1. So what's the angle, to the nearest 10 degrees on a 0 to 90 scale, between helix 2-91 and the longest Cα principal axis of the chain?
2. Excluding ligands, DNA and RNA, what is the solvent-accessible area per residue of the chain at a probe of 1.4 Å, expressed in Å²?
3. Specify whether the C-alpha gyration tensor of the range 18-89 places it in the rounded, prolate or oblate class, a ≥ b ≥ c being the square roots of the eigenvalues: rounded for a/c under 1.5, otherwise prolate if a/b is larger than b/c and oblate if not.
4. Accessible area of H119, 1.4 Å probe, to the nearest 10 Å²?
5. Between helix 94-158 and the chain, what is the angle of the helix's C-alpha long axis to the longest principal axis, kept within 0 to 90° and rounded to the nearest 10?
6. May I ask you to give the percent of accessible area on the chain that is carbon plus sulfur, with a probe radius of 1.4 Å?
7. Which entry in [x] 48; [y] 17; [z] 62 matches percent of Cα pairs over 28 Å apart derived from the coordinates of this structure?
Amino acid sequence: MKTSSLLVATLLSVLGTSAFAQSPAVAQVKQDNAAIRQETREIRADNHAIRQDTVAVLHQKQDVRKDRQVLQADRHARNVDQHRENVALSRGDLAGAQRANSARLQDQRAINSQKRDLHQDRRALSHARHVRHDAVVARNEDRHERHVDVINRNVAASNLR
């Protein structure tokens, strides 16, 4: 009886010691798993934000294209007024030439305003594209760090045995 009690006590102490020794390592692996899960959530959120930024950039591109078309139409109208002015001058119609000239000047002011707006829109689009690119680079760095963390966690977990 004494031998079996001694044997059971020794066995329990060895098991308790080994379980206690592995406990911090197992806890570390669990902590690493939690950190990796959190990083994965953050990367997915970054992916979502990047997709939204991409859609916003595409809408801005469409707006710039529409603004360019409007600008081209206004330039055409200005050129038509210039032609009318030239025709009126060749006929000797000074009043008609004056009307065409004032219409052309008004169109030119509108064109200059649209050109400024278009330039600002293109600058904003360029900035948005750079911000999106920086977000993609940061996301890729996070993915690489997570990959390294997964490898380190797997190596640490394989050494627990």
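The values are calculated or read from the model by the stated rules, or taken from the named source; none is laboratory data. Not measured: the values here are computed from a predicted model. Only protein heavy atoms, including side chains, enter the accessible area calculation; ligands, DNA and RNA are left aside. Shrake-Rupley method; radii C 1.70, N 1.55, O 1.52, S 1.80 Å.
1. Taking the Cα atoms of the chain, the angle to 2-91 is about 0 degrees.
2. 76
3. It comes out prolate by the Cα gyration axes.
4. Around 110 Å² of this residue is reachable by solvent.
5. Rounded to the nearest ten degrees, it is 10.
6. 54
7. [z]
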